[in-house]
Amino acid sequence: MSESNNYQVLARRWRPQRFSEVVGQDHIVTTLKNAIIQKRVGQGYLFIGTRGTGKTTIARILAKALNCQSSDSPVPEPCCECASCQAIRDGSSLDVIEIDGASNRTIDNIRQIRDTVSIAPVSSRFKIYIIDEVHMLTKEAFNALLKTLEEPPAHVKFFFATTDPQKIPPTILSRVQKFELHRMDWNTLNAYLSMMAEKEGLKASPDAIAAVARAGNGSMRDALSVFDQVLAWGGESVTEKDVAALLGLTNREIIIELSDAIARKDHESALRCVGKVMEGGRDPEQFILSLVQFFRNLTVLKVTSDPGSLLEESPEYMAELKKAGEKYTIGQLTAAIDELLQILPKLSATEAKQTVLELAVLKLIHIRARISPDMIFAKLEALEKGSVLAEKEKENSEPKKKETPEGDVALAKQLFPGSRLGKNQ
Ligand SMILES: Nc1ncnc2c1ncn2[C@@H]1O[C@H](COP(=O)(O)OP(=O)(O)O)[C@@H](O)[C@H]1O
Ligand SMILES: [Mg+2]
Ligand SMILES: [Zn+2]
């Protein structure tokens, strides 16, 4: 890969050419195919969705399907072989005109379109205008467009794409069929990237792919471009560590190491972990967010044995998480998350980031060491079963009646003299 000068980025090489290759948008693909089969294709379509979910891709496939020469009428799946399909793929079709709405937003730009719509297609069934980021058009441009949309010649189709439908006037919206693309969920991205890596012969660990899929954050294009960067960085075989390093994330090893240190109440090791994060030039806020995610994942694994789509992790790593989670109670985990979320704003307000991080992990140890009301009641039950201590306990207090946290702390102080309890420590 690296020796080739004309490396084509994954997002381009892997742009779906047929409806069957589009993932995660079955609701749209099925509707469009049916419309073609039933010969009820509309004149205007609007594809709505975040970046990199398939708006342009679907618009181009639909254009190919409508103009495909493999049959004498539109086909539900383009052949991808005929001259028309190939020209559309290469962007050289004279009858499929792609316009970037962001840079052609004036009334003059739209007038140019209006002047050409009446001219018959050069060599195809339909003349198709694909206008991307259509919400960027000026008010005047929309008005000019509206005229054309009201009575378009039979051979003309308009496919619009937008990330921001709010900005499109209702008069335009009411004249097109709207399709909302789904955000790519992690499972979809993860499965697609795994399949792609295998077909491309890329060596990437499941954890690395899981991390790339997370970084895609709902966008296939973003996931693929992160994958490109990771390959350029990591070379032959890509690990989760490469992905973390590239994205400035804290890698799993440090987080697991830190979690072990917290569970052991090992202050020194915990501080060393913070040191590693800072030395590695990682973003301190990312580090806190990774920790939040980590404790959140442990919580999820504690409350359900079948996390399904709640966890964006490979099965291998999930097993590791489960093990890490055994060292905490749910109360401790949620308290840890609370604490970390409170740290975040403090972090951005100061230059002393390392100190804030150190303080954060020390507090996590404190939370881990803290005795929760649950534990106190468990101890009490155990005590009740023993005779001598149970007597003493009766003398001192009536534990079952004490339900306020203050009561719990006071009681715990009696039961565990010397332990450091309470909110302000
Ligand atoms: N639904 C999808 N299925 C498969 N690949 C996709 C999908 N959506 C996007 N991609 C990938 O991302 C790239 C960009 O997609 P594109 O359709 O241009 O996104 P946009 O929604 O921003 O117009 C494609 O070339 C393809 O590699
Ligand atoms: Mg696009
Ligand atoms: Zn064709």
Inset, instruction - Hey, can you tell me all the residues within region 41-69 that are over 17 Å from Q17 (Cβ atoms), within 13 Å of ligand 1 (Cβ to nearest atom) and open to solvent by 30 Å² or more (accessible area, probe 1.4 Å)? - result: T50, R51
Inset, instruction - Go through the residues of region 3-13 one by one and say whether even a single one is buried (at least 19 other Cβ atoms within 10 Å of the Cβ), within 11 Å of ligand 1 (Cβ to nearest atom) and more than 16 Å from E180 (Cα to Cα). - result: yes
Inset, instruction - Could you tell me whether any residue of region 103-118 is within 16 Å of ligand 2 (Cβ to nearest atom) and touching a residue at least 60 places away in the same chain (Cβ under 8 Å)? - result: no
Inset, instruction - From S290, S309, grab the single residue that is in the same structural domain as A349 (by TED's automatic domain parsing) and open to solvent by 80 Å² or more (accessible area, probe 1.4 Å). - result: S309
Legend entry - Unmet criterion (only one of (1) buried (at least 20 other Cβ atoms within 10 Å of the Cβ); (2) part of a helix (DSSP H, G or I); (3) in contact (Cβ under 8 Å) with a residue 40 or more places away in the chain; (4) among the aliphatic types (A, V, I, L, M)) for M196: (1)
Legend entry - Only one of T116, T106, T148, T56 that is closer than 28 Å to I37 by Cβ, at pLDDT below 95 and not acidic (D, E): T148
Inset, instruction - Give the residue, chosen from I107, I119, that is on the phi < 0 side of the Ramachandran plot and in contact with a strand residue (DSSP E or B) (Cβ under 9 Å, 6 or more places away or on another chain). - result: I119
Inset, instruction - Tell me, yes or no, whether region 315-331 has at least one residue that is over 19 Å from S259 (Cα atoms) and under 22 Å from the mean Cα position of the chain (by Cα). - result: yes
Inset, instruction - Within region 324-338, track down each residue that is exposed (fewer than 14 other Cβ atoms within 10 Å of the Cβ) and in a loop (DSSP other than H, G, I, E, B). - result: E326
Legend entry - Count of residues meeting criterion [farther than 15 Å from V22 by Cα and open to solvent by 10 Å² or more (accessible area, probe 1.4 Å)] in region 212-228: 7
Inset, instruction - Quick one: D72 ticks every box in (1) surrounded by fewer than 17 Cβ atoms within 10 Å (Cβ to Cβ); (2) within 12 Å of ligand 1 (Cβ to nearest atom) except a single one, so which number is it? - result: (2)
Inset, instruction - Would you mind listing the strands (runs of 3 or more DSSP E) fully within region 92-192 where at least 2 residues are within 23 Å of K64 (Cα to Cα) and open to solvent by less than 50 Å² (accessible area, probe 1.4 Å)? - result: 96-100, 127-132, 156-162
Inset, instruction - Kindly establish whether I28 is among the hydrophobic types (A, V, I, L, M, F, W, C), crowded, with 17+ Cβ neighbours inside 10 Å and either within 16 Å of ligand 3 (Cβ to nearest atom) or in the same structural domain as S225 (by TED's automatic domain parsing) (or both). - result: no
Legend entry - Residue list for region 24-53, filter: out of contact with any His (no Cβ under 8 Å at 6 or more places or on another chain) and within 16 Å of ligand 2 (Cβ to nearest atom): I28, Y45, L46, F47, I48, T50, R51, G52
Inset, instruction - Pick out the one residue from L321, L271, L341, L301 that is open to solvent by less than 10 Å² (accessible area, probe 1.4 Å) and either closer than 30 Å to V9 by Cα or modelled with pLDDT of 90 or more (or both). - result: L321
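The values are calculated or read from the model by the stated rules, or taken from the named source; none is laboratory data. Not measured: the values here are computed from a predicted model. Note: ideal-geometry Cβ built from the backbone for every residue, glycine included; neighbour counts use all protein chains shown. Just the protein is used for accessible areas: all its heavy atoms, side chains included, with ligands, DNA and RNA removed. Shrake-Rupley method; radii C 1.70, N 1.55, O 1.52, S 1.80 Å.
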